[in-house]
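S.K.: Input: one structure, supplied below.
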Amino acid sequence: MAQEETAPLVRIRGLRFARGERMIFDGVDLDIHRGGITAIMGPSGTGKTTLLKLIGGQLRPLAGTIEVDGQNVHRLSRDRLYQLRKRMGLLFQSGALLTDLNVFENVAFPLREHTRLPESMLRDLVLMKLEAVGLRGARTLMPSELSGGMARRVALARAIALDPMMVMYDEPFTGQDPISMGVLVKLIRRLNDALGLTSVVVSHDVQETASIADYIYLLSGGKVVGQGTPQQLGDSDSAWAQQFLKGEPDGPVPFHYPAPDYVEDLMVGSEGARS
Amino acid sequence: MILDWLQALGQRALSFFQRLGRGHITLYYLLIAIPSVLLRPRLLLQQIYSVGVLTLLIILVSGLFVGMVLGLQGYNTLVRFGAEQSLGTAVALTLLREMAPVVTALLFAGRAGSALTAEIGLMKTTEQLSGMEMMAVDPNKRILAPRFLAGVISMPLLSLIFGAVGIMGGYIVGVGLLGVDEGAFWSQMQANVDMREDIWNGIIKSMVFGVVATWIAIYEGNDATPTSEGVSRATTRTVVHTSLAVLGLNFILTALMFGD
């Protein structure tokens with residue numbers, strides 16, 4: 001039992017995944033420990049969202065294993081996978097709220113689908129979840145009436161409705177104003193600690209994520225290029241970590257998309273235009 | 001040059017069969033999800049309302065006008081042979097055997113099918129379906145199958161209503177305006193329209209169309225490229241494919257039912 005407690009909640013080994021010709025992950029090893037906030041960071045297009053979908057079993061890897069709570073996600077039967085998903089929440093970047101239901105019903109949705117609670121208890125539960133994200137007063141609004149930050153908070157309330165063991169956040173800070181960004185940062189930390197969750201935050205917002213993460217993985221080019229606590233990464237002399245954390249335009253991640261030589265390209269310009 | 005052409009041809013053929021395969025996988029999942037829909041009749045009723053009841057108005061209006069045109073044209077032709085007494089039979093048979101199932105299916109594709117595709121396509125684009133999967137709710141059972149069953153149930157009913165209203169339209173024009181004898185209109189119809197041969201065959205047709213039209217609409221929505229352009233293309237494809245499928249199938253069914 002004790003061993004189980006210390007074993008990582010998510011264990012990824014030798015993960016390979018491709019979209020068409022493009023290799024997204026090429027041998028990723030990664031552990032997500034229980035009770036903490038693990039951040040997965042990297043530039044846009046490194047497949048951070050894809051990683052969450054792989055953990056949730058929505059995509060299948062080419063090779064490698066993903067174990068969640070000791071179960072190999074991609075070996076599970078459909079029923080077992082759905083059982084497992086009840087214990088994990090995924091917060092989509094868009095919120096993915098059901099647009100024909102109001103805020104209350106959106107949060108009530110997983111409860112109505114998976115439990116047979118009496119209406120009064122269900123109401124209490126939904127209001128508790130909404131209170132946790134500060135939107136109890138917005139229960140009658142429709143998703144179209146919410147700001148981006150509010151929609152994400154409603155989605156967060158929905159993600160924790162079934163009291164999951166883990167919540168995965170897909171770019172929670174993107175496109176948020178400073179206030180709602182601050183609110184979300186605090187919420188993620190507070191909910192994680194208060195509910196005893198394990199959180200996975202996928203993001204490229206360095207400061208915000210580093211401020212709440214217990215452990216950070218840096219992904220690039222389909223591989224883990226750096227890992228450690230925010231402190232360790234900040235002190236590391238890895239050119240990659242330094243470029244990413246400081247936001248320098250050029251470095252191991254080149255500023256330029258691969259292209260033929262600049263001068264040559266300009267020289268053939270006049271011919272190229274004709275041909 | 002020829003190689004390029006062959007390659008393009010091969011690619012088209014492959015993508016056609018891939019789509020066909022995905023379409024049948026969708027149908028398989030829809031069919032095995034039906035029992036779970038029956039356990040939640042509220043979901044089904046909601047969908048019958050939005051797929052069936054909301055299509056009712058266009059069916060009523062079109063049925064009436066189609067029936068009136070049939071009455072007018074039928075009268076003009078029959079009167080030349082002194083057979084205007086048979087107008088009731090002509091209108092009823094045309095409607096029940098062909099017009100009601102086919103026109104209903106075409107209108108259904110335009111009104112309900114396109115709406116289904118757009119709705120499901122947008123739910124996919126906005127990650128609502130994906131979100132549901134992650135909440136351990138199977139979108140096949142919660143979203144797709146209730147809509148499928150609602151379409152399959154609604155189509156024959158809409159078709160019957162279309163037929164009935166159409167006959168009323170024929171009656172209004174034939175008897176009301178053109179002076180066909182009322183007794184002859186109804187009694188000839190009663191004598192010559194057969195329950196099994198005409199009415200049931202019409203119902204069977206519209207059941208087949210119901211399955212095909214709703215299946216295409218749901219498949220296209222679920223298979224749409226998750227962009228606004230993708231959804232718009234899928235919606236167009238729903239209407240075009242459903243119309244072609246219905247017209248083609250109608251010929252086959254007619255040949256099988258009334259061919260001898």
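The values are calculated or read from the model by the stated rules, or taken from the named source; none is laboratory data. These numbers come from a predicted model, not from an experiment. No Cβ is skipped: glycine too gets one built from the backbone with ideal geometry, and neighbour counts run over all protein chains shown. Heads up: the accessible areas ignore ligands, DNA and RNA and are worked out on the full protein's heavy atoms, side chains in. Shrake-Rupley method; radii C 1.70, N 1.55, O 1.52, S 1.80 Å.
S.K.: Does segment B:173-228 hold any residues that are surrounded by 15 or more Cβ atoms within 10 Å (Cβ to Cβ) and outside any helix (DSSP H, G or I), and which are they?
M.R.: B:L178, B:V180, B:D181, B:V193, B:A224, B:P226 - these are the residues of segment B:173-228 that are surrounded by 15 or more Cβ atoms within 10 Å (Cβ to Cβ) and outside any helix (DSSP H, G or I).
S.K.: Of everything in segment B:234-256, what is touching a Gly at 6+ places or on another chain (Cβ under 9 Å), surrounded by fewer than 23 Cβ atoms within 10 Å (Cβ to Cβ) and not polar (S, T, N, Q)? Give them in sequence order.
M.R.: B:V239
S.K.: For the condition within 14 Å of chain B (Cβ to nearest Cβ), over 19 Å from A:D214 (Cα atoms), of a type outside the set (D, E) and touching a helix residue (DSSP H, G or I) at 6+ places or on another chain (Cβ under 9 Å), what is the one hit in A:V73, A:V28?
M.R.: A:V73
S.K.: Which of (1) open to solvent by 40 Å² or more (accessible area, probe 1.4 Å); (2) among the charged types (D, E, K, R); (3) within 11 Å of chain B (Cβ to nearest Cβ) does A:R60 not meet, given it meets every other one?
M.R.: (3)
S.K.: Which fully enclosed helices (runs of 4 or more DSSP H) of segment B:1-103 have 3 or more residues being at pLDDT below 95, open to solvent by less than 90 Å² (accessible area, probe 1.4 Å) and hydroxyl-bearing (S, T, Y)?
M.R.: Qualifying helices (runs of 4 or more DSSP H): B:2-38.
S.K.: A further question follows. Pick from B:G170, B:G121, B:G163: which is open to solvent by less than 10 Å² (accessible area, probe 1.4 Å) and within 14 Å of chain A (Cβ to nearest Cβ)?
M.R.: B:G121
S.K.: For segment A:84-117, what are the residues that are over 20 Å from the mean Cα position of the chain (by Cα), more than 8 Å from chain B (Cβ to nearest Cβ) and open to solvent by less than 50 Å² (accessible area, probe 1.4 Å)?
M.R.: Scanning segment A:84-117 gives A:L101, A:N102, A:V103, A:F104, A:N106, A:A108, A:L111, A:T115.
S.K.: Residues in segment A:134-173 that are among the hydrophobic types (A, V, I, L, M, F, W, C), touching a residue at least 40 places away in the same chain (Cβ under 8 Å) and not in a loop (DSSP other than H, G, I, E, B): how many?
M.R.: So the answer is 9.
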